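Visitor: I have a structure I would like to understand better, so I am pasting it below and will then ask my questions one at a time.
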Amino acid sequence: MFPDRLGYFGDFGGRFVPETLMYALEELEKKYKEIGQNPNFQKQLRELLRTYAGRPTPLYFALNLTKYAGGAKIYLKREDLLHTGAHKINNTLGQVLLARQMGKRRIIAETGAGQHGVATATACALLGLKCVVYMGEEDANRQRLNLFRMELLGAEVRIVKSGSRTLKDAINEALRDWVTNVKTTHYVIGSVVGPHPFPMIVRDFQKVIGEETKDQILKVEGRLPDVLIACVGGGSNAIGLFYPFIEEKNVRLIGVEAAGLGLDTGKHAASLTGGYVGILHGMKSYFLQDDEGQIIPTHSVSAGLDYPGVGPEHAWLKETGRAEYISATDEEALEGFKLLAKTEGIIPALESAHAVIKAVEVARELGKGGIVVVNLSGRGDKDMSHVISLLET
Amino acid sequence: MNRIKETFNRLYLKKQKALVVYLMVGYPDYETSLKAFNTVLENGADILEIGFPFSDPVADGPTIQIAHEVALNNGIKSHHVFEAVKTLRRDFPHIPFLLMTYYNPVFRIGQESFCCLAKESGLDGFIVPDLPPEECVPLKETMKNYGLSLILLASPTSTEKRLRLICEKTDDMVYFVSVTGTTGERKDLPFKELKDKVHHYRKICSKPVVVGFGVSTKAHVREISCFADGVVVGSSIVKLSSQKNMKKLADKVKELKEGTLKSGVLS
């Protein structure tokens, strides 16, 4: 059973934070075990997910995309249909509900693309908690729509102008806020990253994706899929899909990282493919860093993948060989974006488009008779103005 | 006996408390930082904390964040830091030098090589703000082989159980964080609460305790000197060093040092 008692997935994970936060993490772990596993809490969360967020999400057989690829059947797990447009709401409803029961009145969060920020602001509006979201200046510029959305939902958005002004720095700033206001505040981390118990909690709230997928595919196909494929930034949608299948050794798990302008250009965000083991944001995992341990700037067309690290459970899945990690460039992602729109009438988030384009390749390799499930983690509405500017240039 | 223990013993006999001063290597530039280190050492710093620049200093407030960023932009690498320490060690053979570094550079460069370079340069130990007692064992064991001390931090949120663990794992002293939060000057510090916390700590741990975060004036230093074994001053000193005014920096350190004396005047 991972993580172990100290929060490790094999050699990865742990709890590398200032002493001030240690008690809060111990407390969170304890309360999560008490409240999170409590049947009443579970029931309340299930109801919210069903009636408010829109679960279960469909598992859709993408016939046109399958024909286009000319190989294995491609199914899409439609997390893009959830309220707020991405899988992030699974986690934020769970964590904000948990925080409220822990007696915390103030919520902070970081956001990259803005999806997690919107999902947190939404859960806070619903459950009546004060919400502050940290967002890097560069991300705020490329995702203006989500910035307005968060404000409309009653959240205070604080623009982060330090460091690379993206997700990494938004997390730094959220950690600084948390270390200052730890007594009153819960930090809703948006991915399976950070110090223990966050990677475990976020995974537990996201694993509903894989659980539903399992039931759904068994119903329509009578067997498990050959391949699961999902994009990986921090890795929450991928873990959500993969986790219930980890013991199903015949199901291949493929994570797609952001290769940006190309792995050899150095301008990418593929920490598992191109990074080294290190310690940042409270966890031991893979990070893009130089020889002296300085974190290096990342690049991806999608703000949600533009992060120099990855969740420790992915590092462990890579190390043990249980999951494979590949990458898609910005150009490939844009191709996936347009392809899914034209073939299926579904505009995916740029993040998910990384998985879509690689699913086409994998379906071809696998050939007829195979089954591939893609996690369509979010929808592309938020990316429209960004894509327009990219396609125009 | 090591320099840290010697320093506390010496100050105890003189009825003084330790003035611990923090500065960043390479800020505002390498040359100035060396001058600033010399200035604080010549004017009353009992223990030196040497900042190692890092790209993501989560425990630091705005002043020291800028110092990290500028030092890195100035191209400061680990060899510059160790060179600076070597130079300072030649002129100040008895003062404890503690490297304040985040864990990732140590981990990435390699604990063995990092400790070897640290020892060679004349460092006495490390303070690693993102390395709690639960995670410190691998580094601590390597450091022990090189005779280096690992100083752990305690916080107002540390429970009795945690204080015991910190006391057990730390070498020579404990760095007690005055408030929940990041480094940086604060006008008011919760002295009453802090005093209670330190008294509580004393019942659990007999190792010397220095108090830092937010401390910037002689009045702060004097208040804290009544109940702690030392006081750490960082951001306000870093700010002065960035102005490249060594006279002002010297006066500030002298004034702070006076705050650690019972009589209030240097003999």
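Visitor: Rg (Å, one decimal) plus Dmax (Å, integer) for the alpha carbons of the protein assembly as shown?
Guide: 26.1, 90
Visitor: Okay, moving on. Using the Karplus curve 6.51 cos²θ - 1.76 cosθ + 1.60 with θ = phi - 60°, work out ³J(HN,Hα) for each residue of the stretch A:266-276 in order, rounded to whole Hz, and write x for Gly and Pro.
Guide: x, 9, 8, 9, 8, 6, 6, 7, x, x, 10
Visitor: Report the gain in length on full extension from A:VAL277 to A:LEU263: 0.36 nm times residue separation, minus Cα-Cα distance, nm rounded to one decimal.
Guide: 3.3 nm
Visitor: Could you state the principal axis extents of the C-alpha atoms in the stretch A:117-172, from the largest down, to the nearest angstrom?
Guide: Largest first, the stretch A:117-172 extends 33, 22, 13 Å along its Cα principal axes.
Visitor: Summing Lys, Arg as +1 and Asp, Glu as -1, what charge do residues with Cβ under 12 Å from the Cβ of A:ASN40 carry, A:ASN40 excluded?
Guide: 0
Visitor: Give the average, rounded to an integer, of partner chain Cβ atoms located within 10 angstrom of each Cβ in B:97-105.
Guide: If you average over the peptide's residues, the count of other-chain Cβ atoms is 3.
Visitor: With everything on Cα atoms, drop me the angle between helix A:115-127 and the longest principal axis of chain A, reported from 0 to 90° to the nearest 10.
Guide: Long axis of A:115-127 versus the principal axis of chain A: about 50 degrees.
Visitor: Next up: I'd like the mean, over residues of A:178-185, of how many other protein chain beta carbons sit within 10 Å of each residue's own Cβ.
Guide: Mean inter-chain Cβ contacts per residue within 10 Å come to 3.
Visitor: Give me the inter-chain shielding for B:201-209: mean count of other chain Cβ atoms within 10 Å, whole number please.
Guide: Whole-number average of other-chain Cβ neighbours for B:201-209 is 0.
Visitor: Still on this model: Would you calculate, for the protein assembly as shown, the mean residue ellipticity at 222 nm contributed by helices, counting each DSSP H stretch of 4 or more residues as -39,500 (n - 2.57) and dividing by all residues, to the nearest 500?
Guide: Value at 222 nm, helices only: -13500 deg cm²/dmol.
Visitor: When N is the residue count of the stretch B:54-126, what does its C-alpha Rg come to as a fraction of 2.2 N^0.38 Å?
Guide: Against the compact-globule rule of thumb, the ratio is 1.13.
Visitor: List the cysteines in the protein assembly as shown whose Cβ has no other cysteine Cβ under 4.7 Å from it.
Guide: A:CYS231, B:CYS115, B:CYS116, B:CYS136, B:CYS226
Visitor: Then there's this: On each of the three principal axes of the Cα atoms of the stretch A:232-327, give max minus min coordinate, whole Å, ordered largest first.
Guide: Here the Cα extents, ordered largest to smallest, are 38, 26, 20 Å.
Visitor: While we're here: Enumerate the calculated ³J(HN,Hα) couplings along the stretch A:29-42 in order (Karplus 6.51 cos²θ - 1.76 cosθ + 1.60, θ = phi - 60°), each rounded to whole Hz, writing x wherever the residue is Gly or Pro.
Guide: Taking θ as phi minus 60°, the curve returns 4, 5, 5, 4, 5, 6, 7, x, 8, 5, x, 5, 4, 4 Hz for the stretch A:29-42.
Visitor: Name the shape class, rounded, prolate or oblate, that the alpha-carbon gyration tensor gives for the stretch B:216-267, where a ≥ b ≥ c are the square roots of its eigenvalues, rounded holds for a/c under 1.5, and otherwise prolate holds if a/b is larger than b/c and oblate otherwise.
Guide: Because a/c hits 1.5 or more and a/b fails to exceed b/c, the stretch B:216-267 counts as oblate.
Visitor: Could you order the peptides B:132-142, A:110-120, A:264-274 from most to least packed, using the average number of other C-beta atoms within 10 Å per residue?
Guide: Highest mean packing first, the order is A:110-120, A:264-274, B:132-142.
Visitor: Please compute the length gained on full extension between B:THR32 and B:ASP251, using 0.36 nm multiplied by the number of residues separating them and subtracting their Cα-Cα distance.
Guide: 77.2 nm
Visitor: I want to verify the translational diffusion coefficient of chain A in µm²/s; compute it with Stokes-Einstein, Rh as the Kirkwood radius over Cα pairs, at 10 °C and 1.306 mPa s.
Guide: Diffusion coefficient, whole number: 78 µm²/s.
Visitor: Here's something else I'd like to know. Given the peptides A:183-193, A:363-373, B:83-93, arrange them by the average over their residues of other C-beta atoms within 10 Å, most packed first.
Guide: A:183-193, A:363-373, B:83-93
Visitor: By how many degrees, between 0 and 90 and to the nearest 10, does the Cα long axis of helix A:88-101 differ from the longest principal axis of chain A?
Guide: 20 degrees
Visitor: Let me ask another. Take the alpha carbon gyration tensor of the stretch A:91-197, find the square roots of its eigenvalues, order them as a ≥ b ≥ c, and report rounded if a/c is under 1.5; if not, report prolate when a/b exceeds b/c, else oblate.
Guide: In terms of gyration-tensor shape, oblate.
Visitor: Oh, and also: Angle between the Cα long axis of helix A:208-221 and the longest principal axis of chain A, 0 to 90 degrees, nearest 10?
Guide: Roughly 20 degrees between the two axes.
Visitor: How far apart, in nm, are the 7 Å Cα→Cβ label points at B:ILE204 and A:ASP290?
Guide: Between B:ILE204 and A:ASP290, the label points sit 4.0 nm apart.
Visitor: Then there is this: For the ranges A:248-254, A:169-175, what's the packing order if you count other beta-carbon atoms within 10 Å of each residue, average per peptide, and put the highest first?
Guide: A:169-175, A:248-254
Visitor: Please report, to one decimal in angstroms, the Kirkwood hydrodynamic radius of the stretch A:247-393 built from all distinct Cα-Cα pairs.
Guide: Computed over the stretch A:247-393, the radius equals 16.1 Å.
Visitor: Using a cut-off of 12 Å between beta-carbons, work out the net charge of the residues near B:LEU72 (Lys and Arg +1, Asp and Glu -1, B:LEU72 not included).
Guide: Residues close to B:LEU72 contribute a combined charge of -3.
Visitor: So, one more: Cα centroids of the stretch B:111-143 and the stretch A:91-155: how far apart, whole angstrom?
Guide: If you average the Cα positions of each part, the centres end up 38 Å apart.
Visitor: Moving on to the next point. Go ahead and run the numbers for FRET between B:ASN2 and B:ASP196, Cβ-Cβ distance against an R0 of 35 Å, rounding to 0.05.
Guide: 0.70
Visitor: Sticking with the crude label model, points 7 Å out along Cα→Cβ, report the distance from A:GLN42 to B:ARG10 in nm, one decimal please.
Guide: So the label points at A:GLN42 and B:ARG10 sit 6.4 nm apart.
Visitor: Then there's this: May I ask for the Rg/Rh ratio of the stretch B:3-253, computed from Cα atoms with Rh as the Kirkwood radius, given to two decimals?
Guide: My calculation of the ratio gives 0.93.
Visitor: A further question on this structure: Starting from the Cα of A:LYS104, draw a straight line to each of the lysines and keep only those under 19 Å, dropping any in the same chain fewer than 8 residues away.
Guide: A:LYS30, A:LYS31, A:LYS33, A:LYS130, A:LYS183
Visitor: Work out, in µm²/s and without decimals, the Stokes-Einstein translational diffusion coefficient of the stretch B:98-183 at 25 °C, 0.890 mPa s, Rh from Kirkwood over C-alpha pairs.
Guide: 186 µm²/s
Visitor: If each of A:VAL220 and A:LYS342 carries a label point 7 Å out from its Cα toward its Cβ, how far apart are those two points in nm?
Guide: Calculated label separation equals 2.4 nm.
Since every read-out is calculated from the coordinates, none of them should be taken as a lab result. Note that the coordinates shown come from a computational prediction; the quantities given were computed from them, not determined experimentally. Glycine gets a Cβ as well: all are built from the backbone with ideal geometry, and neighbour counts include every protein chain shown.
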